[in-house]
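For reference, the structure is listed below as C-alpha cells.
Derivation of every value follows stated rules applied to the coordinates shown; laboratory data play no part. Quantities reported herein were computed from a predicted structural model and do not represent experimental measurements. Neighbour counts run over all protein chains shown; Cβ positions are idealised from the backbone, glycine included.
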Amino acid sequence: MEAAIDDMPARPGQNVRLPAGAAYDRLTPLQRRAMVGAIVVAHVAAVWALLQVREVRDAVADVAPIFISLVAPATPPKVTPPPPPPPTPPVRRPIAPEPRMITAAPTPAPAPFVAPPPPVPEPPEPAPVAVAAPVAPVAPPPPVPAPPRNLAASSVQYLEPLQVEYPRLSKRLGETGVVMLRVFIDEAGRVREVQVSRTSGHPRLDDAAMAAVHMARFKPPSENGQAVSGYAQVPVDFQLEK
C-alpha cells in the first residue's frame, strides 16, 4: 500500500498525505541523530527552566533528590597521531687541513741609537721701550654757582593786583590768617617756585595763597639798573569782612 502511494504521481495543486513513518524513514542517519539530539536538548532546556522556579525546585528535591543525565556524553574525537619526523641527514664534518710550517723572516738587527743635537737657544727679545704718554691737562673745577639772592621788599611789585580766591568753607568756618610765601622770581618777573615759609594755621588758606601767587606777574626786579632774580617774601592776608 505504501509502495503504491509512493509510486503514484502527484497532481498539481493536490496535497499527498504520507503515512506516519514515511517521513522518518526518508531521513539519513545523520539527520536522525540531529533530530534526536534536538529533542533531547529541548527536554533538557524545559527541565532546566522549570528548575529555575523555587517551588518546583523544592518539590523536585523532596521527591527525587538524585537526577540522571539524559544527555549521552559526547564521544571524544579520535586523535590522529602526527607523522614521525623525517630522519635527520648525517652531518658531515669538514676535514681540517694539515698544518703547515711557516718560516718567519729573520728579525733585522736594531740600528744604533744616535742622540739628536741639542736645540739652539733663540736670541732674547729686546725689552720694550717705555714711551711716556702725554699728560692731559687737568680741567679746572666748574665754577660754584652763587647762591640765589634775596630780593628786597621794595623791588617786589605786582604788575596787576593779586587775585586771591577765599575758600568758601574757610569763610563758613571763619578761618583767617596771614600766609608768608617764599617766592623765586626770575629776571622777567615770572614766578618759578613758591614755598610756604610761615603758615596761617589753616591748610586751605595756605593752598589758596600758593595758587594765587603762582598765577601772579611781577615787575622784573633790578638792582643798580640791572635785571636780577632771587627769592622774595610775599605775604597773603586772609581777613573776613565785618
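Among the residues of segment 27-37, those identified as of a type outside the set (Val, Ile, Thr) and surrounded by 10 or more Cβ atoms within 10 Å (Cβ to Cβ) are Leu27, Gln31, Arg32, Arg33, Ala34, Met35, Gly37. Specify which of the listed residues (Glu165, Glu175, Glu160) is of a type in the set (Asp, Glu) and closer than 13 Å to Ser200 by Cβ. Criteria check complete, one pass: Glu175.
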